[in-house]
1. What is the number of the single condition among (1) without any contact (Cβ under 8 Å) to a residue 12 or more places away in the chain; (2) touching a strand residue (DSSP E or B) at 6+ places or on another chain (Cβ under 6 Å) that Glu42 does not meet?
2. Which is modelled with pLDDT of 90 or more, surrounded by fewer than 17 Cβ atoms within 10 Å (Cβ to Cβ) and either in contact with a Cys (Cβ under 9 Å, 6 or more places away or on another chain) or not in a loop (DSSP other than H, G, I, E, B) (or both), of Thr131, Thr92?
3. Is it true that some residue in segment 106-119 is in contact with a strand residue (DSSP E or B) (Cβ under 7 Å, 6 or more places away or on another chain), among the polar types (S, T, N, Q) and modelled with pLDDT of 50 or more?
4. Report every pair of residues separated by at least 6 positions or lying on different chains whose Cβ atoms are under 6 Å apart, first residue within segment 77-93 and in contact (Cβ under 8 Å) with a residue 24 or more places away in the chain, second assigned to a loop (DSSP other than H, G, I, E, B) and of a type in the set (S, T, N, Q).
5. For segment 1-11, does any single residue satisfy the condition of being assigned to a loop (DSSP other than H, G, I, E, B), surrounded by fewer than 17 Cβ atoms within 10 Å (Cβ to Cβ) and modelled with pLDDT under 90?
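The values are calculated or read from the model by the stated rules, or taken from the named source; none is laboratory data. These numbers come from a predicted model, not from an experiment. When we count neighbours, we look across all protein chains shown, and the Cβ atoms used for this are built from the backbone with ideal geometry, even at glycine.
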Amino acid sequence: MKKIAILLILSIFSMPLIGQAHTTLSSSSPAEGDVVTEQLEEVVLTFGTVIEQGSLMALESEGTTYEFDEIVLSDKIMTGSIAEELPNSTYTINWKIIGADGHPIEGEMPFELNVETVAEDSATEEAALETEEEAVVEEEPPAVDKAAVQTSEDEGNLLITVVLVMAVLATGFIAYRLLKKK
């Protein structure tokens, strides 16, 4: 009876490991929260798992859904091409993939599109150029590499998984030793 209780406890401790098997979005172009200043021609999403057929994504803004002309799946990358010009607005990329393990995973990623119109008159452009020439060039802080941040998060998840496995093994070993002494 004690052996069954110990096995039950060990199986309960191993449950969080099952939930960590799923993956999520690793990187994207445009990145989350980006302000895109050029007309968007494609969206690229990179995941931490191989993407199966049946995965999809859509682009939404203020209640309007913009379909991608073509969605291409290649290993861990989903690319959607956009043929029409999108108006300036805040957009959300809604994605739903089927991972290599067969489980559906979904999420969303917001960004903003702010493309300057070509119809500006030349006087406005000249004034802007003069202002830029007179402005003191300030050094921008170094950009944070989102891929490096994501990699460190993935390494942190791996560390948690390893620690949990070690804890389960240690608990099982201690339980085994205690049962063997009796």
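1. The number of the failed condition is (1).
2. Working: Thr131 fails: modelled with pLDDT of 90 or more.
On inspection, the qualifying residue turns out to be Thr92.
3. Looking only at segment 106-119, we keep the residues that are in contact with a strand residue (DSSP E or B) (Cβ under 7 Å, 6 or more places away or on another chain), and these are 106-114.
Checking which are among the polar types (S, T, N, Q) leaves us with 114.
From what's left, modelled with pLDDT of 50 or more: 114.
Yes, segment 106-119 has at least one match.
4. Matching pairs, first to second residue: Glu85/Gln39; Asn88/Asn114.
5. Here is the first cut: in segment 1-11, the ones assigned to a loop (DSSP other than H, G, I, E, B) are 1.
Within this subset, residues satisfying the condition of being surrounded by fewer than 17 Cβ atoms within 10 Å (Cβ to Cβ) are 1.
Then drop every residue that is not modelled with pLDDT under 90, which leaves 1.
Yes: segment 1-11 contains one or more residues that are assigned to a loop (DSSP other than H, G, I, E, B), surrounded by fewer than 17 Cβ atoms within 10 Å (Cβ to Cβ) and modelled with pLDDT under 90.
Here is a yes/no grid of residues against (1) over 16 Å from Gly107 (Cα atoms); (2) surrounded by 13 or more Cβ atoms within 10 Å (Cβ to Cβ); (3) touching a Gly at 6+ places or on another chain (Cβ under 8 Å):
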{"site": "Gln53", "(1), (2), (3)": "yes, no, no"}
{"site": "Leu56", "(1), (2), (3)": "no, yes, no"}
{"site": "Leu59", "(1), (2), (3)": "no, yes, yes"}
{"site": "Tyr66", "(1), (2), (3)": "yes, yes, no"}
{"site": "Glu70", "(1), (2), (3)": "yes, no, yes"}
{"site": "Asp75", "(1), (2), (3)": "yes, no, no"}
{"site": "Thr79", "(1), (2), (3)": "no, yes, no"}
